[in-house]
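Each value in this text was obtained by applying a stated rule to the coordinates, not by laboratory testing. What you are looking at is a predicted structure, and each value in this text was computed from that prediction instead of being measured. Using ideal geometry, Cβ is built from the backbone for each residue, glycine included, and neighbour counts are taken over all protein chains shown.
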Amino acid sequence: MSQILTRSCPPALLQQLDGQGVPPLLARLYAARGVADAAEVDYALKGLLPFGGLKNIHAMAARLADAIAARQRLLVVADYDADGATACTVAVRGLAALGAVIDFIVPNRFEYGYGLTPEIVELAAQQQPDIIVTVDNGIASVAGVEAARARGIEVLITDHHLPGDTLPEALIVNPNQPGCEFASKHLAGVGVMFYVLMAVRAEMRQRGVFANGAEPNLGELLDIVALGTVADVVKLDRNNRILVDAGLRRMRSGKLAPGIAALFRVAGRAAHKANAFDLGFTIGPRLNAAGRLDDMSLGIACLLAGSEEVATPLAQELDRLNRERRAIEHGMQDEALTVLSTIDAANHYTLTLYRDDWHQGVVGLVASRLKERYHRPSIVFAPGDDGEIKGSGRSIPGFHLRDALDMVSKRHDGLLLKFGGHSMAAGLTIREQDFAAFQQAFEHVARELLDASALTRVWETDGSLQPRELCLEIAETLAAEVWGQGFPPPTFNDRFHIVSQRLVGGKHLKLRLAKDNVECDGMLFNHGDWLPQQVDAVYQLAANEWQGRKELQIYIQHWQPA
């Protein structure tokens, strides 16, 4: 079942924005997202929060400046997702521009798992670094830091994940560590690394390092910062929207990294029209495919490429991996739906599935698809090593997945070998023989924590549009804003008359819609059955371009008979 609700729009905020000259529709959208002042949607770089608010940032900057001056060898240890890849790229390019001797490694997720583990330290030690710099990981790497210290290797941690009960004995920059008063807790790993670079440059400037030469322009890294920020699905608070907007403007003006340009090209997208959707659903997945199926060093090499000639074959390989990833995901999803067809999902609070031939790198995506389809917390497992299986889960609003796993762990000692994550996504490892026991324990916890009403899918919209607002100009205005996690793209709901409909591509409906004598084209993807003559639809506006001609198109996300 689904329910359509309209976002509340506080009158005081709406009045304030109207008084500041914000156009009526935008004022309504901003007010519904908690914007209290037009300055909050001014994305000039001067509005970035100063780096001095990050705990340990000055000490980190001084240490890195010392290391650069002493020509010490730095080694970046990255994570294997898009945030880790972009953070690694920003670290390598930025620190090299500041004069560092620097290299990187990224662990293969299937061999080493996540974070700075003792095994990764052993691998890193082969390169004889003086200092390991973690990006997008490290806050939980207590054993890894101890292993590095035992080898005489210093560790500097840059991360954004939530800390555990014990912190590693290392210098840490992380807005979510205890005692950090930085106002934006939602920086991605790449954002944290960018802030560290700003601090290092300021420290070196104060030391007079640039007296006889030009300072490196860190703004040249903002397209990569934007990509990692959007792809990691962190909340787009104002600080993150400033970073993303600056990166998108670089892309649209042609000042983007050759690797990102190549990824746009192989995806068939136009970089000069780049928006946050492109980064999250077109470029990000191609980058992530390397970490899911192969080795993320391929993605990092693409982002580090100095020319499109070098980047293009790497982007083509990432595109091939992404097609392979999609094929694996679709196969697993079909198999999962077949399994679910034998049970009554409506009578379950959770969905927990496992097959011994599923792919470990894709289980999170399949869990996400099941969660979207059934609106249930979903965990999908694939085989690991030595009789273990590894799962990835996705949750729904009102159900903190990591906390639920913690309850299972405390009630069933030894059932969960490892787990971690946050409210909406988590990972875990159990023994294959314990799958049925975990399935039952997880369902029991969900029935305690979830009210049955939470299992009803809620479509939150921005209400109805006036007929005059169903136009290309409004669609282009909305496309120019930075929407994303925590600042959701506008969706509307209205009643439409179906003027005509036809099947395209064998599985999509091409529609002609009418509302109050205004007609426009619409699309309903992955739906092959005819719609009734009148529907109540949840939709988004899009500026569709085809053969050099632009027109308004409505993308229907959900419908029900009028």
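Taken over the stretch 456-562, the ratio of Cα radius of gyration to 2.2 N^0.38 Å equals 1.05. In summary, the convex hull built on the alpha carbon positions of the stretch 47-318 has an orientation-averaged projected area of 13.5 nm². If the segment from T342 to R447 were pulled out straight at 0.36 nm per residue, it would be longer than the present Cα-Cα gap by 35.7 nm.
Were the residues from A70 through A479 laid out at 0.36 nm apart, the gain over their Cα-Cα distance would be 142.5 nm. With the cut-off at under 20 Å, measuring from each backbone N in the stretch 480-507 to a point 7 Å along the Cα-to-Cβ line of W546 picks out 497-507. Dividing the Cα radius of gyration of the stretch 243-290 by 2.2 N^0.38 Å, with N the residue count, gives 1.02. Counting every pair of alpha carbons in the stretch 313-385, the share spaced more than 16 Å apart comes to 49 percent. Centre-to-centre, using Cα atoms only, the stretch 230-268 and the stretch 485-562 are separated by 27 Å.
For the stretch 456-562, chymotrypsin sites (Phe, Trp or Tyr not before Pro) meeting the loop criterion (DSSP other than H, G, I, E, B) and having at most 16 other Cβ atoms within 10 Å: F525, W530. If you plug the beta carbon distance of D536 and A143 into 1/(1 + (r/R0)^6) with R0 = 45 Å, you get a FRET efficiency near 0.25.
Ratio of Rg to Rh for the stretch 1-146: 1.18 [Cα atoms; Kirkwood radius as inverse mean 1/r over pairs]. Values of log10 I(q)/I(0) for the chain across q = 0.05, 0.07, 0.08 Å⁻¹ run -0.22, -0.44, -0.58, by the Debye formula with one identical scatterer at each alpha carbon and no solvent. Summarised in one figure, the compactness ratio Rg/Rh of the stretch 243-338, Cα atoms and Kirkwood Rh, is 1.03.
Note on M198/F277: beta-carbon distance plugged into 1/(1 + (r/R0)^6) with R0 of 25 Å gives a FRET efficiency of 0.35.
For the chain, the antiparallel share of DSSP beta bridges with both residues in that region comes to about 65%. Between H508 and L123, the distance separating the two model label sites (each 7 Å from Cα on the Cα→Cβ line) works out to 3.9 nm. Show log10 I(q)/I(0) for the stretch 343-455 at q = 0.17, 0.18, 0.19 Å⁻¹, two decimals, from a solvent-free Debye sum over equal Cα scatterers. Listed by q, the Debye log ratios stand at -0.72, -0.82, -0.92. Each of R149, R549 was scored by other Cβ atoms within 10 Å of its Cβ. Listed from fewest to most, they are R549, R149. What you get for the chain, charging only the Cβ of Lys and Arg (+1) and of Asp and Glu (-1), is a dipole of about 1040 debye around the Cα centre. Of the listed pairs K55/K418; K371/K515; K515/K550, which have alpha-carbon separations greater than 27 Å here? Flagged as over cut-off: K55/K418; K371/K515.
The Stokes-Einstein estimate for the stretch 413-475, based on a Kirkwood radius over Cα pairs and taken at 37 °C with 0.692 mPa s viscosity, is a diffusion coefficient of 204 µm²/s.
Over all distinct Cα-Cα pairs of the stretch 171-311, the Kirkwood formula returns a hydrodynamic radius of 16.2 Å. Remark: spin-label model distance C180-A327 equals 4.1 nm, labels positioned 7 Å along the Cα→Cβ axis.
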